[in-house]
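Before any comments, here is the structure.
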Amino acid sequence: MFDAVQPVTDIALRPVHSSDLPVFFRQMNDPESMRTAAFVSPKSADWDLFAAHWERICAEYVVRTVLLDGDVVGSAAVYGEPGELEVTYWIDRAYWGRGVATAALRLLIAEVTDRPLHARAAADNAGSVRVLEKCGFVVTGHGSGFAAARDAEIDEVVLTLA
């Protein structure tokens with residue numbers, strides 16, 4: 001039986017390979033995951049747009065595949081302009097609550113040492129806010145934005161790692 005308290009230890013990041021994209025596509029089109037994340041790209045539902053988007057961001061930003069025991073379980077990235085850099089991550093729902101996102105984000109922020117780093121999360125996404133806070137991010141603001149996955153304007157939390 002799965003022990004939710006067992007720490008995750010074999011997390012690694014590596015550059016994205018083209019073979020990762022079908023896995024990301026499946027993960028990012030999971031309805032429950034989309035609803036929880038809330039702020040998803042409309043490009044995620046169309047393979048051609050999705051693949052073109054990933055090709056562009058991999059060329060421009062620090063984008064990593066998250067591996068657990070060698071298996072692709074998500075992605076993590078830092079994007080934006082200097083001084084306005086933002087982190088984002090997506091972990092397969094099957095791995096939520098196991099410390100995967102926290103471990104992956106810690107690796108990413110160790111690799112990308114520019115500060116400040118910013119993050120945004122749906123205000124009701126307690127899991128994501130908790131991950132960011134465990135990694136040293138602090139809430140620096142609140143706002144609202146259109147959440148495509150919910151087809152509504154929702155509250156968001158802005159966090160910063162100085």
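May I ask you to verify whether Arg26 is out of contact with any Phe, Trp or Tyr (no Cβ under 9 Å at 6 or more places or on another chain), buried (at least 16 other Cβ atoms within 10 Å of the Cβ), among the charged types (D, E, K, R) and without any contact (Cβ under 8 Å) to a residue 40 or more places away in the chain? Before the answer, list the steps.
Working: out of contact with any Phe, Trp or Tyr (no Cβ under 9 Å at 6 or more places or on another chain): yes; buried (at least 16 other Cβ atoms within 10 Å of the Cβ): no; among the charged types (D, E, K, R): yes; without any contact (Cβ under 8 Å) to a residue 40 or more places away in the chain: yes.
So Arg26 does not fit the description; no.
Could you list, in sequence order, all residues of region 117-138 that are assigned to a loop (DSSP other than H, G, I, E, B), open to solvent by 20 Å² or more (accessible area, probe 1.4 Å) and closer than 20 Å to Phe39 by Cβ? Before the answer, list the steps.
Keep residues of region 117-138 that are assigned to a loop (DSSP other than H, G, I, E, B), which gives 123-125, 135-137.
When the remaining residues are screened for being open to solvent by 20 Å² or more (accessible area, probe 1.4 Å), the result is 123-125, 136.
Matches in region 117-138: Ala123, Asp124, Asn125.
From the list Thr88, Thr65, the one residue that fits, being among the hydroxyl-bearing types (Ser, Thr, Tyr) and closer than 18 Å to Leu159 by Cβ, is Thr88. Got at least one residue in region 139-146 being modelled with pLDDT of 95 or more and either crowded, with 19+ Cβ neighbours inside 10 Å or assigned to a loop (DSSP other than H, G, I, E, B) (or both)? Within region 139-146, not a single residue is modelled with pLDDT of 95 or more and either crowded, with 19+ Cβ neighbours inside 10 Å or assigned to a loop (DSSP other than H, G, I, E, B) (or both).
Residues checked against (1) closer than 16 Å to Ala149 by Cβ; (2) open to solvent by 20 Å² or more (accessible area, probe 1.4 Å); (3) modelled with pLDDT under 95:
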position: Val5; (1), (2), (3): no, yes, yes
position: Leu13; (1), (2), (3): no, yes, no
position: Val16; (1), (2), (3): no, yes, no
position: Pro22; (1), (2), (3): no, yes, no
position: Ser33; (1), (2), (3): yes, no, no
position: Ala52; (1), (2), (3): no, yes, no
position: Gly80; (1), (2), (3): no, yes, no
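Taking region 49-113 as the region of interest, the strands (runs of 3 or more DSSP E) fully inside it that hold 1 or more residues being in contact with a Leu (Cβ under 7 Å, 6 or more places away or on another chain) and among the small types (Gly, Ala, Ser) are 71-79.
The values are calculated or read from the model by the stated rules, or taken from the named source; none is laboratory data. Just so we're clear, the structure is a prediction, and the values are computed from it rather than from any experiment. Positions of Cβ are backbone-derived with ideal geometry, glycine not excepted, and every protein chain shown enters the neighbour counts. Note: accessible area is taken over every heavy atom of the protein model, side chains too, but ligands, DNA and RNA are not part of it. Shrake-Rupley method; radii C 1.70, N 1.55, O 1.52, S 1.80 Å.
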